[in-house]
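Working notes, beginning with the structure itself.
None of the figures in this text is laboratory data; all of them are computed from the coordinates on show. Note that this is a predicted model, so its numbers are computed, not measured. Cβ: placed from backbone, ideal geometry, glycine included. Neighbour counts: every protein chain shown.
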Amino acid sequence: MTATRKHEDIADRLTQDILVGQYRTGERLPSERDLAARFDANRGAVREAMKKLEQLGLATIAQGGARVAPLSEASLDVIGHMLGMGDLPEENLVDQIMQVISNLITLAAEAAVNRASDEELSKFQQLVEPLTHSRLSPEAHTEARFALIGAMMEASGNLVCQLIARSLLMQLVPSMKPLEGYAELDMEAYACHARELKAALNQRDHEAVRGIFESLSQLNRDTARQAFSKLKSQVGPRLPEAASS
């Protein structure tokens, strides 16, 4: 194992230890010497691992050692670690992430409608059009959704909203692979909402746009819950303990 990989491995294992509660908030982490012995590593690799924990916001390093920081003070990047703590991501955590992403998208969509030029509104309507058809393939439907959301995010002018949503999506999407084949989106319901969205865009009705995106959010979250339920009914509950509970 290379030196770079060694410190990453140490950081990943300590991160998991913290997230499962082996080390609790305020507790002192083992010394560099003890960690070097545990992981059969040199102290330089341990120091690099601790720096990574500090960057994640999971530990505070001061003279005399490192202590576990409150999870609520961690960076967004820790979510990817939380999602990967088992064969399946933790269902409640997935729902929380989906809810936050949906709220960000709704905020951006409403802002985009308020500030969009007629040309941009026309582009939005063109991007919505494929979604008005209930027989779209799942792959084409996903591509069309992301194209629409991306355009509206950009048009919103809200960079913070874009960055947070992108960070969460990049961490969430890979963790949802085990649910592929179990998620069955109600295409007719989605098509109905898409037709409503097209009409709302035509009238620049930002309140209606907000309501439609809220409905789409609920539809997506319900789809994820049903996928979890179907998978668990076949393989049994294999979810890790919720680090956020």
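Quick notes on this structure:
- The stretch between Gln234 and Gln126 holds 34.9 nm of extra length on full extension. This uses 0.36 nm per residue minus the Cα-Cα distance.
- Both the radius of gyration and Dmax for the range 122-185 are 13.5, 37 Å, in that order, over alpha-carbon atoms.
- Using the Cβ-Cβ distance between Asp186 and Val100 with R0 set to 30 Å, the FRET efficiency works out to roughly 0.85.
- Per the Debye formula on identical point scatterers at the alpha carbon atoms of the range 48-173, with no solvent, log10 I(q)/I(0) at q = 0.14 Å⁻¹ is -0.76.
- With a Förster radius of 25 Å applied to the C-beta separation of Ala140 and Arg225, the computed FRET efficiency comes to 0.55.
- Lys/Arg +1, Asp/Glu -1 at C-beta; the range 60-119 dipole; positive extreme among Gly65, Asn103, Asn92: Gly65
- Degrees, to the nearest 10: 3-19 long Cα axis against longest axis of the chain: 80
- Legend: Rg and Dmax of the chain, from Cα coordinates, 21.8, 67 Å.
- Max-minus-min Cα coordinates of the range 19-70 on each principal axis give 28, 19, 19 Å, with the largest extent listed first.
- The GluC sites (Glu not before Pro) of the range 1-86 that DSSP puts in a loop, and whose beta carbon has at most 13 other beta carbons within 10 Å, are Glu27.
- Bridging of Lys123 to aspartates and glutamates at a Cα separation below 19 Å is possible for Glu110, Glu143, Glu154, Glu196, Asp205, once same-chain residues fewer than 8 apart are set aside.
- On Cα atoms only, tilt of 118-128 relative to the major axis of the chain in degrees: 80
- Theoretical FRET efficiency, 1/(1+(r/R0)^6), r = Cβ-Cβ of Asp118 and Leu163, R0 30 Å, to 0.05: 0.60
- Helix 43-56 and the long axis of the chain differ in direction by around 30°, with both axes built from C-alpha atoms.
- Cross-link partners of Lys52 among lysines (Cα-Cα below 26 Å; sequence separation of 8 or more within a chain): Lys6
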